[in-house]
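One structure is given below, encoded as structure tokens.
The values are calculated or read from the model by the stated rules, or taken from the named source; none is laboratory data. All values reported here derive from a predicted model rather than from experimental measurement. Here the Cβ positions follow ideal geometry from the backbone for every residue, glycine too, while neighbour counts run over all protein chains shown. Just so you know, the surface numbers come from the protein's heavy atoms only, side chains and all, with ligands and any DNA or RNA stripped out. Shrake-Rupley method; radii C 1.70, N 1.55, O 1.52, S 1.80 Å.
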Protein chains: 2
Amino acid sequence: MKTQLDCYSCLVRQALHAARFAGADESVQRKVLNQVMRALIQLDPESTPPMTSDLIHRLIREVSASSDPYQRMKEKSTQEALALYPQLKELIQQSSDRFETAVKLAIAGNIIDLSVSEQYDLLGSIERVLNQPLTPNDTPQLKAAIERSPWVLYLADNAGETVFDRLLIEEILPRPVIYVVKSGPALNDATLGDARAAGLDQVAELRTTGYDGIGVFFDKSSPEFLELFDNSQVIIAKGMANYETLSECGDRLFFLLQIKCEVIAQDVGKPLGSLMVAQGKPVR
Amino acid sequence: MKTQLDCYSCLVRQALHAARFAGADESVQRKVLNQVMRALIQLDPESTPPMTSDLIHRLIREVSASSDPYQRMKEKSTQEALALYPQLKELIQQSSDRFETAVKLAIAGNIIDLSVSEQYDLLGSIERVLNQPLTPNDTPQLKAAIERSPWVLYLADNAGETVFDRLLIEEILPRPVIYVVKSGPALNDATLGDARAAGLDQVAELRTTGYDGIGVFFDKSSPEFLELFDNSQVIIAKGMANYETLSECGDRLFFLLQIKCEVIAQDVGKPLGSLMVAQGKPVR
């Protein structure tokens, strides 16, 4: 998915919020904004939004001299989600369709997205997701694909959301799951440390993309990740950045996310706020 | 009020929407965005948001070769508001405090603001305003100031909102009201033509600021307007741009508006969505 003109204002807003998260003072915030706008003026129209976001967050880490501006927020998100884990687990156990409920909860957790808003309403998101239909709803296709596949590759998104992923992975087990996080801080995306803090090492094999940027960039991923990606028969990709970078990579992919921006809503053809389980289109 | 860093993303968004309103194709939209970002990079930190907005909308009129991109929307807003006029008039006539109800409706009309959103819910805004307290509520001070003053200077904001201003002006009459619009197209702000289309010439003397930009810029206003401004004892200033440019101009001013952005919410010290009637602070 290419960066749209509508992404520009959103990326400028993200840059300011991220600079503040990093504790930058106003003059540094202004410097970040100016550099981001210079980058946007020169932007390659073929680039994806995560490429620009990557550039922004690298810049912020550089000017703010903070290696992980989101660390505190990531820890807080993980703790909050872990506190909900027992009651969410019970919800799944009592539901008539355990797999679908777990899928829905994994999508509920996708509200923990600091690129969209500094604040999120986790309980509100859970309630909304449980009461709102999935659209599109390729859950049956996902279930069938998992049953046919020797293992599942699961591309993580944000810290905290990891706990919700764990609930879904527990429904996929005993089929092995390989859970892929970022190799270093990238916005509030989960790293190995964040995944372990959420207990993901207890239910899945942990790996990284080999890169500390949101989404997946094939030209920057590690050979180990690329081999894994190429050989997996079913790939669950969480969140908007994975959708933005992988939406044209075939029908092995299943995108689980909340549509939190108009540009993605238009690309998917579903309204803002939609909860989607979408199988990728076959590559010709 | 100075332009805050939070205004940058909003101004980029506004520029894109305005370029689209003007019918610009994607390459022109990109050109507008790039020029706006170049201007923001060089922005004088002392400038007010309407100064930047002014620059943006001038640029759009230039590159799109459209002298009034918002003309069609302004006509539509005015027609919609006029259709509601009879029932709003009746609402005032049946209310226990006619003046306060008219003040509230004038604020309800301030939802017609295309700098904030391309869409607005006029009926929803009317209902909300009638049920929500004003904060701050300097309506008694406004009423007393009007009673002491030989005439009222009324600084208009958007086309369509004019009809709601007319309802308030009819409650101020027979005290004369001078209704000031922009001298030419500026966003969806009312011009003389827009004010006449809403029937304001039947209830007030129409004048302009002498400038085709939103808000009031003293260095660009006509001498006639400046004389009027200096000699008026009570000045009603509608909307955010008038607040942004005049908030430090003394206690003759009364700001009537809906707080539709976080930056103004912070400046006023009231939450987003607040409906305010605020007397300006005395100039020392």
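Worth pointing out:
- Dipole check for the protein assembly as shown: with +1 at the C-beta of Lys and Arg, -1 at the C-beta of Asp and Glu, and the Cα centre as origin, the magnitude is about 80 Debye.
- Mean-square fluctuations from a GNM of chain A, with a 10 angstrom spring cutoff on Cα atoms, peak among A:R175, A:R13, A:R38 at A:R38.
- Antiparallel bridge percentage (DSSP; both residues within the protein assembly as shown; nearest 5): 25
- Relative contact order (percent, whole number), segment A:146-277, Cα cutoff 8 Å, 6+ residue spacing: 23
- Within straight-line reach of B:K143, meaning a Cα separation under 14 Å, sit the following aspartates and glutamates at least 8 residues removed in sequence or on another chain: B:D97, B:E100, B:E170, B:E171, B:D251.
- Charging the Cβ of each Asp and Glu at -1 and of each Lys and Arg at +1, and nothing else, the dipole of chain A about its Cα centre rounds to 180 debye.
- Residue-count net charge about B:Y8 - beta-carbon cut-off 12 Å; Lys, Arg +1, Asp, Glu -1: +2
- Exceeding the 23 Å Cα-Cα cut-off - candidates B:K2/B:K76; B:K2/B:K270; A:K74/B:K2: B:K2/B:K76; A:K74/B:K2
- As a ratio to 2.2 N^0.38 Å, the alpha-carbon radius of gyration for segment A:59-140 is 1.34.
- Volume in Å³ per residue [convex hull over Cα atoms, computed for segment B:151-284]: 103
- Summary for A:A83: label point 7 Å along Cα→Cβ; distances to the equivalent points in the other copies, ascending, 4.9 nm.
- Contact order for chain A, expressed relative to its length and based on alpha carbon pairs under 8 Å spaced 6+ residues apart, stands at 20 percent.
- Rolling a 1.4 Å probe across the protein heavy atoms gives the protein assembly as shown an accessible surface of 40 Å² per residue.
- Inter-part distance where segment A:71-130 and segment B:11-52 are each reduced to a Cα centre, Å: 38
- Classification of segment A:182-257 by its C-alpha gyration tensor yields a rounded form. The axis ratio a/c (a ≥ b ≥ c) stays under 1.5.
- Label-point spacing at A:E224 relative to the other copies reads 7.7 nm, in ascending order, each point sitting 7 Å out from Cα along Cα→Cβ.
- Pseudo-label separations to other copies for A:D44 - Cα-to-Cβ vector, 7 Å, nm: 4.0
- Listed residues B:D54, B:D113, B:D189, most fluctuating in chain B (Gaussian network, C-alpha, under 10 Å): B:D54
- Restricting the calculation to alpha carbons of the protein assembly as shown gives Rg and Dmax of 27.0, 85 angstrom.
- Counting Cβ atoms of other protein chains within 10 Å of each Cβ in A:5-16 and taking the mean gives 6.
- Modelled this way, with points 7 Å down the Cα-to-C-beta line, the labels at B:R98 and A:R72 are 5.7 nm from one another.
- If you plug the beta carbon distance of B:D230 and B:D201 into 1/(1 + (r/R0)^6) with R0 = 41 Å, you get a FRET efficiency near 0.95.
- Relative to its residue count, chain A spans a Cα convex hull of 119 Å³ per residue.
- For segment A:1-79: rounded, prolate or oblate by the Cα gyration tensor [a/c cutoff 1.5]: oblate
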